[in-house]
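S.K.: Here's a structure for you.
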Amino acid sequence: MVYWLTRAASWLAGRTPRPLRLAIAGPLTVFAYYVWAAKRRVTIANMAQILGVAPGDPRARRLARRSWRNYGRYISDFFYLPNAATVTLLARMRDVTPAPGAYGRIDEARARGKGLLIATAHFGAWDVAGVLVGAHTPLHVVVDSFPDPRMDTLIQEQRRELGMEVLRVEQSPRQILRVLKQNGTVAVVMDRPLPAGEGTPVTFFGRRCFVPGGVAQLALLTGAAVAPGYVWYDAAYSATYYGFLDEPIYFTPTGDRDADTQALTQRIYAAFERTIGDRPDQWYMFRPFWPDAAPDAAPDAAPDA
């Protein structure tokens, strides 16, 4: 059912003007926010941490609701992308990276001959970001596989048609290492929370959490640069995308693998914090990110309008 609904939604998105798609998608995801109580409380708790307020603060609830509304924009683009022309997306793109720009920073990082890891988050329009980077340089993206083989084939083939080569996250990291050793570019969505005590500890928005350290470990093994990068939406709901690639991180190992992994991961998350902190309503994190957070403490009694 999900497979056929996805195909139908993609077909329909390609024949629906963008303003109408947004007018439909945003209210639908806001409706999901209100009826999915568990996810609503988690999102409120995450936004409260970003703002530094209690989960009962109306500002956290308003921000959580806007995050779900913006997630509707992402879903709308997700279904539309198979119908999109890269040249059209490029025409709507505004690079806000300081000189030499995002493409210039990619070229500078790859000039070292050790490859580039682009670290991103569930933020803004990350699938569009892959299309835009892939228009400049061959791009490999690390992805999760879908349980339904038909769905998996559909989505991964769509990504390949848009210029991205797929690397499965559940497969051996040797494929990623091979790409980096050939001076390739690999993009990873890496903001995945782990249970307390697992993964790599970092401080994020003032609170300790645990995240995968795989990107840092790959960089340490290959010498690849790491550049946090993003594409976000216009706040006015126009058709413009904004792209930004942070300064590449060239990390010099000390020989202490665990300490190096933690230090490099912390630098990546410090960059995430700057960008997400500026536009928290475009961060789609609907799982508890901080292990000691208490999403059930976010009351629903007060309105969030």
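The values are calculated or read from the model by the stated rules, or taken from the named source; none is laboratory data. Computed from a predicted model, the values in this text were never measured in an experiment. Every residue, glycine among them, receives a Cβ derived from its backbone with ideal geometry; neighbour counts consider all protein chains shown. Note: accessible area is taken over every heavy atom of the protein model, side chains too, but ligands, DNA and RNA are not part of it. Shrake-Rupley method; radii C 1.70, N 1.55, O 1.52, S 1.80 Å.
S.K.: Identify all residues within the stretch 29-50 that are out of contact with any helix residue (DSSP H, G or I) (no Cβ under 6 Å at 6 or more places or on another chain) and hydrophobic (A, V, I, L, M, F, W, C); write none if there are none.
M.R.: From the stretch 29-50, those out of contact with any helix residue (DSSP H, G or I) (no Cβ under 6 Å at 6 or more places or on another chain) are 31-32, 34-39, 46, 49; that's our starting set.
Listed by number, the residues that qualify are Phe31, Ala32, Val35, Trp36, Ala37, Ala38.
S.K.: List every residue pair whose Cβ atoms sit under 9 Å apart, with the two residues 6 or more apart in sequence or on different chains, where the first one lies in the stretch 267-278 and is at positive phi and the second, anywhere, is open to solvent by less than 10 Å² (accessible area, probe 1.4 Å).
M.R.: none
S.K.: For Val143, work out the one condition from (1) crowded, with 20+ Cβ neighbours inside 10 Å; (2) in contact (Cβ under 8 Å) with a residue 40 or more places away in the chain it doesn't fulfil.
M.R.: (2)
S.K.: Test Glu170 against the criterion of being farther than 21 Å from Leu221 by Cβ, of a type in the set (Asp, Glu) and surrounded by fewer than 15 Cβ atoms within 10 Å (Cβ to Cβ), and give yes or no.
M.R.: So Glu170 fails the test.
Yes/no per residue for (1) surrounded by 22 or more Cβ atoms within 10 Å (Cβ to Cβ); (2) without any contact (Cβ under 8 Å) to a residue 60 or more places away in the chain:
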residue: Val133; (1), (2): yes, no
residue: Met151; (1), (2): no, no
residue: Glu165; (1), (2): no, yes
residue: Arg192; (1), (2): no, yes
residue: Thr203; (1), (2): no, no
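S.K.: Another question about this same structure. Considering each residue of the stretch 94-127, count those that are open to solvent by 20 Å² or more (accessible area, probe 1.4 Å) and in a loop (DSSP other than H, G, I, E, B), and give that number.
M.R.: Counting residues in the stretch 94-127 that are open to solvent by 20 Å² or more (accessible area, probe 1.4 Å) and in a loop (DSSP other than H, G, I, E, B) gives 9.
Here's the yes/no breakdown for (1) of a type outside the set (Val, Ile, Thr); (2) over 22 Å from Gly101 (Cβ atoms):
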| position | (1), (2) |
| --- | --- |
| Ala225 | yes, no |
| Gly255 | yes, yes |
| Ala271 | yes, no |
| Thr275 | no, no |
| Trp290 | yes, yes |
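S.K.: Sticking with this one: Can you say whether Phe210 is out of contact with any strand residue (DSSP E or B) (no Cβ under 8 Å at 6 or more places or on another chain) and either open to solvent by less than 50 Å² (accessible area, probe 1.4 Å) or aliphatic (A, V, I, L, M) (or both), as far as the supplied structure shows?
M.R.: No; evaluated as a whole, the condition is false for this residue.
S.K.: Of the residues Asp292, Asp296, which is over 26 Å from Arg21 (Cβ atoms), assigned to a loop (DSSP other than H, G, I, E, B), out of contact with any strand residue (DSSP E or B) (no Cβ under 6 Å at 6 or more places or on another chain) and modelled with pLDDT under 95?
M.R.: The conditions single out Asp292.
S.K.: Any residue at all in the stretch 41-62 that's of a type in the set (D, E, K, R), open to solvent by 10 Å² or more (accessible area, probe 1.4 Å), closer than 26 Å to Ile268 by Cβ and out of contact with any Cys (no Cβ under 8 Å at 6 or more places or on another chain)?
M.R.: No, there is no match, as no residue in the stretch 41-62 is of a type in the set (D, E, K, R), open to solvent by 10 Å² or more (accessible area, probe 1.4 Å), closer than 26 Å to Ile268 by Cβ and out of contact with any Cys (no Cβ under 8 Å at 6 or more places or on another chain).
S.K.: Which number in (1) surrounded by fewer than 21 Cβ atoms within 10 Å (Cβ to Cβ); (2) in contact (Cβ under 8 Å) with a residue 24 or more places away in the chain; (3) of a type in the set (S, T, N, Q) marks the one condition that Ser76 misses?
M.R.: Status for Ser76: all satisfied but (1).
S.K.: Looking at this structure, is Ala227 under 30 Å from Pro82 (Cβ atoms) and either touching a residue at least 40 places away in the same chain (Cβ under 8 Å) or not hydroxyl-bearing (Ser, Thr, Tyr) (or both)?
M.R.: Criteria met by Ala227.
S.K.: Next up: Give the number of residues within the stretch 240-285 that are under 16 Å from Phe205 (Cα atoms), in contact with a helix residue (DSSP H, G or I) (Cβ under 6 Å, 6 or more places away or on another chain) and of a type in the set (A, V, I, L, M, F, W, C).
M.R.: Qualifying residue count, the stretch 240-285: 2.
S.K.: Tally the residues that are among the hydroxyl-bearing types (Ser, Thr, Tyr), over 30 Å from Arg94 (Cβ atoms) and surrounded by fewer than 19 Cβ atoms within 10 Å (Cβ to Cβ), restricting the search to the stretch 236-273.
M.R.: Of the residues in that region, 2 qualify.
S.K.: Residues that are modelled with pLDDT of 95 or more: find the strands (runs of 3 or more DSSP E) completely inside the stretch 160-274 holding 3 or more of those.
M.R.: Once the strands (runs of 3 or more DSSP E) in the stretch 160-274 are filtered for at least 3 residues that are modelled with pLDDT of 95 or more, what remains is 185-189, 200-204, 207-211, 225-233, 241-245.
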